[in-house]
1. Filter region 12-53 down to residues that are loosely packed, with under 14 Cβ neighbours inside 10 Å, part of a helix (DSSP H, G or I) and at pLDDT 90 or above and give me whichever is nearest to the chain's Cα centre (by Cα).
2. Residue under question is residue 62, and the condition is that it be of a type outside the set (Val, Ile, Thr), exposed (fewer than 13 other Cβ atoms within 10 Å of the Cβ) and at pLDDT 90 or above; does it hold?
3. Across region 7-59, what is the total count of residues that are within 15 Å of residue 87 (Cβ to Cβ) and not aliphatic (A, V, I, L, M)?
4. Given (1) β-branched (Val, Ile, Thr); (2) assigned to a loop (DSSP other than H, G, I, E, B); (3) surrounded by 13 or more Cβ atoms within 10 Å (Cβ to Cβ), where does residue 2 come up short, assuming only one miss?
5. Any residue in region 1-27 that is over 21 Å from residue 89 (Cβ atoms) sitting within a Cβ distance under 9 Å of a residue that is at pLDDT 90 or above and among the basic types (Lys, Arg)? List the pairs, counting only those 6 or more apart or interchain.
Amino acid sequence: MVVAPGTGLNDYAILAERLRRMMKISQINWGQQILSVTVSIGLATWSMARVSLPDELITSADKALYAAKEAGRNRVAAFMDEKIVLASSLDLPNSPKESSLKD
């Protein structure tokens, strides 16, 4: 879990996309093997999830995480107004669309 106080959805999505891309290009040496790792991330902000309790915010982020995994893993999804939106569909500055990334 990452808590980023004062971060709006766009900045949070950009941060999550950067983290996702960094994990994707990272390699882990494990004995004689080189492992690749990907990450799926679920985002929720107080204003976009329209919740009032911390547990509700975590539940919203968890729903977005499962949607990211169901969309093919290695994705970022956000909980917005009672629906899930993939970050690749948001117009984020300095963040390439999912389709432009090589899998």
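The values are calculated or read from the model by the stated rules, or taken from the named source; none is laboratory data. Given the structure is predicted, the values throughout are model-derived calculations rather than measurements. Neighbour counts are summed over all protein chains in view; Cβ atoms, including those assigned to glycine, are modelled from backbone coordinates with ideal geometry.
1. Among them, the one singled out is 18.
2. Against the criterion (of a type outside the set (Val, Ile, Thr), exposed (fewer than 13 other Cβ atoms within 10 Å of the Cβ) and at pLDDT 90 or above), residue 62 does not qualify.
3. Adding up the residues that qualify gives 14.
4. (3)
5. No pair meets every condition.
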